[in-house]
Amino acid sequence: GAVVSQHPSRVICKSGTSVKIECRSLDFQATTMFWYRQFPKKSLMLMATSNEGSKATYEQGVEKDKFLINHASLTLSTLTVTSAHPEDSSFYICSARVGRGNTEAFFGQGTRLTVV
Amino acid sequence: GQNIDQPTEMTATEGAIVQINCTYQTSGFNGLFWYQQHAGEAPTFLSYNVLDGLEEKGRFSSFLSRSKGYSYLLLKELQMKDSASYLCAVTGAGSYQLTFGKGTKLSVIP
């Protein structure tokens, strides 16, 4: 299957700092990528849809100024958690679909963010 | 909106068969996915159903009834490594966004 690479896998940062998470499609072009957040023992919650060359579409309740998404190329989307707080600690996962249509989504390895 | 329900936890014995159910209510329907997720890892794709019926893939099978808003994932010849969370996810009409259920944590015991 297609490969989606997410980096870093784990990051610890201090409160007030910003953290950037990268999501790359390695062997295909992804016009659209999705960013999810997962709380312990909970399901994946869609945060935003990242569109190449345009602004991301955020889900209700997700602060766009806090979770900055950039999709500058067909193989890279980034999520920047700005002014991080301990409550931002979570597991963040990106996914992308191959081509158009309702194909399976491939997921990155996820990023465990801990804000201290 | 979309509402997806699946049991929170299930336990089954190694070598046995287990069925994980998923019911959904969506504004439009464009397919249902099952994913497996081990703790601390990203989900991995298991199956996709868009038409009614049973899709079989090795030890795993998935069934869909669109009229009933119902799907199940069937795991045969359970192995210890099958202990994981199983996520049911749907896409609405005209959308490729996945909406996930809360997941079913399956524990396989000897």
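The values are calculated or read from the model by the stated rules, or taken from the named source; none is laboratory data. Note that this is a predicted model, so its numbers are computed, not measured. FYI the Cβ positions are ideal-geometry reconstructions off the backbone, even for glycines, and counts take in every protein chain you see.
Remarks
- Within region B:10-47, the set of residues being more than 12 Å from the chain's Cα centre (by Cα) and of a type in the set (Ser, Thr, Tyr) comprises B:Thr11, B:Thr13, B:Thr26, B:Ser27.
- One residue from B:Leu98, B:Leu64 being at pLDDT below 95 and surrounded by 16 or more Cβ atoms within 10 Å (Cβ to Cβ): B:Leu98
- When the strands (runs of 3 or more DSSP E) confined to region A:1-99 are screened for residues that are touching a Gly at 6+ places or on another chain (Cβ under 7 Å) and buried (at least 17 other Cβ atoms within 10 Å of the Cβ), those reaching at least 3 such residues are found at A:90-97.
- Elements of type strands (runs of 3 or more DSSP E) in region B:46-106, at least 2 residues being of a type in the set (Phe, Trp, Tyr): B:60-65, B:70-75
- Residue that is farthest from the other protein chains (Cβ to nearest Cβ) [pool: residues in region B:33-67 that are closer than 19 Å to B:Asn3 by Cβ and out of contact with any strand residue (DSSP E or B) (no Cβ under 8 Å at 6 or more places or on another chain)]: B:Ser67
- Pairing each residue of region B:28-54 that is touching a residue at least 12 places away in the same chain (Cβ under 8 Å) with any residue that is hydrophobic (A, V, I, L, M, F, W, C) and assigned to a loop (DSSP other than H, G, I, E, B), provided the two are 6+ apart or on different chains, yields C-beta distances under 8 Å for B:Gly28/B:Ala93; B:Phe29/B:Ala93; B:Asn30/B:Val50; B:Asn30/B:Ala93; B:Gly31/B:Val50; B:Leu32/B:Val50; B:Phe33/B:Leu98.
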